[in-house]
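One structure is given below, encoded as structure tokens.
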Amino acid sequence: MKLPKEITNGFLIFLGIGIYFLLMNVLGLADLFYLRTLNAFFIFFGVNRTMQMNLQEGETNFVSNAVSAMATSVVGVSMSVFGLLVYSYARGGDAYVRTLSETFMFGGNPSVPTYCICLLFEGVASSVIVTLMMMLYWNNKYAAD
């Protein structure tokens with residue numbers, strides 16, 4: 001059984017983000033907030049790959065490609081947030097999240113679920129933005145009514 005391309009490319013997004021953040025931790029760069037924003041490039045990669053695969057399969061409907069692109073990015077972001085949830089509890093739970101939130105946008109002491117839910121909302125918002133940008137980029141390849 002072959003997995004749908006949205007799940008496969010979403011998993012690639014998850015792997016890219018996971019390896020990137022683990023590498024930042026190892027190199028001691030995890031506290032630099034501007035390096036955290038570069039994870040959007042992994043979302044661009046996965047969504048672009050899905051769009052290319054759709055074109056190769058002859059799928060040129062704008063709406064179905066937009067849904068496919070959005071599904072890819074949401075799968076990747078959801079898996080990444082779940083991975084962070086598991087990793088946070090493995091590293092000490094709320095105490096670990098407090099060290100993350102010192103250099104992030106949270107005030108106070110967020111719990112692991114609060115932190116992950118906020119990152120999920122942020123990730124879904126970035127997924128929408130990336131999908132819209134990629135649809136504009138690929139616009140001339142799709143038939144629109």
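The values are calculated or read from the model by the stated rules, or taken from the named source; none is laboratory data. Computed from a predicted structure; not experimentally measured. As a convention, Cβ positions derive from the backbone with ideal geometry for all residues, glycine included, and neighbour counts pool all protein chains shown. SASA here: full protein model, heavy atoms, side chains in, ligands and nucleic acids out. Shrake-Rupley method; radii C 1.70, N 1.55, O 1.52, S 1.80 Å.
This table checks each residue for (1) of a type in the set (Ser, Thr, Tyr); (2) part of a helix (DSSP H, G or I).
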residue: 18; (1), (2): no, yes
residue: 25; (1), (2): no, yes
residue: 34; (1), (2): yes, yes
residue: 46; (1), (2): no, yes
residue: 55; (1), (2): no, yes
residue: 81; (1), (2): no, yes
residue: 87; (1), (2): yes, yes
residue: 92; (1), (2): no, no
Confirm whether residue 81 is among the hydrophobic types (A, V, I, L, M, F, W, C), in contact (Cβ under 8 Å) with a residue 12 or more places away in the chain, more than 30 Å from residue 140 (Cα to Cα) and open to solvent by less than 50 Å² (accessible area, probe 1.4 Å).
-> yes
Out of curiosity, is residue 12 within 16 Å of the chain's Cα centre (by Cα) and buried (at least 16 other Cβ atoms within 10 Å of the Cβ)?
-> yes
